[in-house]
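Just so it is clear, none of the values below were taken in a lab; they were calculated from the coordinates. On a predicted model such as this, the values are computed, not experimentally measured, just so you know. Cβ coordinates were reconstructed from backbone atoms using ideal geometry, including for glycine residues, and neighbour counts include every protein chain displayed.
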Amino acid sequence: MMKKVTLIIAVFLTLAGYINAQWRNDGFFPDINKDPLFKAQCNNAIAVDKEGKIWIGRYGNVTKFAKANGDSVKLSKGVYITYVFNPDGSQASFSPIWHIMGDTMYSTTQRGMRTNIDGNIILSTGFPAMYLIDYKTGQGLKKVLLPSTNGPNGPAVAGDGTIFIGTVFEGQRPVEMYDQNFNLKGVAIEKAPGFSRTFEVSKDGNTIYWAGYTTGRVYVYNRADEFSQFTLKDSIMIGAHAESFAWRPNTNQLWISGGSNNDKPDPGSKFTIGTWYAYDVVKKQIVDSLKWNFVDPNKPDERPRGLAFSNDGKTAYIAQFATSVGMVQKLTFTGSAVEKLDEIPTGYDLSQNYPNPFNPTTNIKFSIPKEGFVTLKVFNTLGQEVASLVNDFKSAGSYQVDFDAKNLSSGVYVYTLSVGNYKISKKMMLMK
């Protein structure tokens, strides 16, 4: 059995480098082959701090770890650990963390993490408590006990520093607001619907995106300003059972997990297990996605529990809740910059790439006479997608994009432009 699992993992790591849409899955983070400790753990919280370090909250208790580190108190209950990794996969000097401000994480599940406006880490636990942790040292800076016997969900932080936090269980306590000193500011929502592991707020703090995980949708609450009350305005992502949320830096994209194997998909739902979708809150449509690579597609027990982006938005860390595989996978953005030209389109057009043949880069131009969702993808002769150059909503106009094929083999490739019902394809030759 162990040989079979090892073989499956090896195959996964071999395939991990292939391009999947605009994101390349680089495999498990950290490398589970270098450190077996991370081969079979589940995640319940993840964040990226100001320096780009990745904070990962392990859900299951680690009694062996506590014993190895001389922690003899209440060992029968185990200890919950927060790991902190540098972007290269090495552990930070103060990692792992299992004591915060005198509290030991005994039977205190990591409920959620967010990066604060000052770059420090906000951690909620099933204590129930909320902590502010120094991203440079791992030391606790602030703590507040939350007024509930049930576990809080992952917090959300507005641009002015207001911290929002609710509870996992429906109706157990309201969604509350705290200031940067962890003083209670007030109640945002008296009773939020559905089971919710986490949620998000807009930068101005006037819109709440609440995960109605058990109701198959995301609820949108809005207020006119900080002196007004939040009211339910809309529902989005109908059919999604969202367990994790994150804003992608420097965009209007709220990334939301769309499905969990813990629930049967809603009839007709377009959302799939282990996939995160980028919902553009301005355009009010899905513009991108990324996917967890299941180790065993026939037995997908990995649940999409966490998501965090690097500070430049070009790296995504996705986390799962299962004990059979590694906690986190790392994805790198591979999309190309699209430049709009000063040309007036007369119709839909896809130009022949130039130069052609090419090695390894070439330029592709296209035109659309009216706005729409545009994809420009490259396929090999077997019909397999090898690159996604455009996957976004575009206004009417002419555009150009560079295609870098340095990781591909010589041969003929097909590139296809799709806009609504319009589709056109052309061939190009890579000669190395």
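Inter-part distance, the stretch 203-259 to the stretch 129-160, computed on C-alpha centroids, equals 21 Å. Report note on the peptides 190-202, 91-103: ranked by the mean count of other C-beta atoms within 10 Å, highest first, their order is 190-202, 91-103.
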